[in-house]
1. Are any residues in the range 82-101 under 19 Å from Pro120 (Cβ atoms) and small (Gly, Ala, Ser), and if so, which ones?
2. Would you pick out the residues in the range 78-112 that are closer than 19 Å to Leu36 by Cα and either outside any loop (DSSP other than H, G, I, E, B) or hydroxyl-bearing (Ser, Thr, Tyr) (or both)?
3. From Ala62, Ala42, which residue is over 11 Å from the mean Cα position of the chain (by Cα) and among the aliphatic types (A, V, I, L, M)?
4. What do you reckon, is Thr106 hydroxyl-bearing (Ser, Thr, Tyr) and touching a residue at least 24 places away in the same chain (Cβ under 8 Å)?
5. Select from the range 47-59 the residues that are in a helix (DSSP H, G or I) and over 10 Å from the mean Cα position of the chain (by Cα) and write down the one among them that is nearest to Thr27 (Cα to Cα).
6. Just checking, how many residues over the range 79-104 are more than 17 Å from Cys11 (Cα to Cα), among the hydrophobic types (A, V, I, L, M, F, W, C) and modelled with pLDDT of 95 or more?
7. Of the residues Ala58, Ala76, Ala63, which single one is among the small types (Gly, Ala, Ser), closer than 19 Å to Glu10 by Cα and surrounded by fewer than 17 Cβ atoms within 10 Å (Cβ to Cβ)?
8. Please enumerate the residues belonging to the range 38-55 that are buried (at least 17 other Cβ atoms within 10 Å of the Cβ) and over 20 Å from Thr115 (Cα atoms).
Amino acid sequence: MDELSILGVECFAHHGVFDFERREGQTFVVDLVLGLDTAPAAASDDLADTVDYGSLVAQVKAAVESDPVDLIETVAQRIADVCLGERRVQWVRVTIHKPDAPIDATFRDVALTITRNARPAP
């Protein structure tokens with residue numbers, strides 16, 4: 001299984017538990033690692049045989065920037081669902097960073113990483 005990484009996708013959204021997070025919004029940064037077999041694309045040199053990561057990033061941004069939720073866990077699952085909707089993706093590791101989390105301390109980042117597998121076809 002090969003890995004395709006897409007790192008540092010910046011999104012602006014209104015997620016969070018606090019009213020001011022929902023009202024003012026904040027930046028979220030997404031890292032993706034996709035598990036897929038790239039051999040067919042390498043052999044054919046055809047985009048149709050791999051993941052169109054430009055299109056995927058647009059879908060991920062739309063998922064992050066859509067309906068506000070309280071938790072980054074929910075946002076991370078949304079992103080995983082989008083990625084696993086690509087038929088060639090066997091698994092995905094999503095890290096969502098919330099560098100401006102409302103924490104009363106000096107910190108660099110808050111990040112959540114989830115890994116999800118594609119469900120086998122029935």
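1. If the condition is that a residue be under 19 Å from Pro120 (Cβ atoms) and small (Gly, Ala, Ser), then Gly85 is the only one that fits.
2. Residues of the range 78-112 that are closer than 19 Å to Leu36 by Cα, as a first pass: 79-95.
Across the range 78-112, the qualifying residues are Ile79, Ala80, Asp81, Val82, Cys83, Leu84, Trp91, Val92, Arg93, Val94, Thr95.
3. Just one listed residue meets the conditions, Ala42.
4. no
5. Taking the candidates together, the pick is Ala58.
6. Number of matching residues: 4.
7. Values: Ala76 fails: surrounded by fewer than 17 Cβ atoms within 10 Å (Cβ to Cβ); Ala63 fails: surrounded by fewer than 17 Cβ atoms within 10 Å (Cβ to Cβ).
Testing whether each residue is among the small types (Gly, Ala, Ser), closer than 19 Å to Glu10 by Cα and surrounded by fewer than 17 Cβ atoms within 10 Å (Cβ to Cβ) leaves just Ala58.
8. Correct list: Ala41, Thr50.
The values are calculated or read from the model by the stated rules, or taken from the named source; none is laboratory data. Since the structure is predicted, the reported quantities are computational estimates derived from the model, not experimental observations. Heads up, the Cβs are rebuilt from the backbone with ideal geometry, glycines too, and the neighbour counts pull from every protein chain shown.
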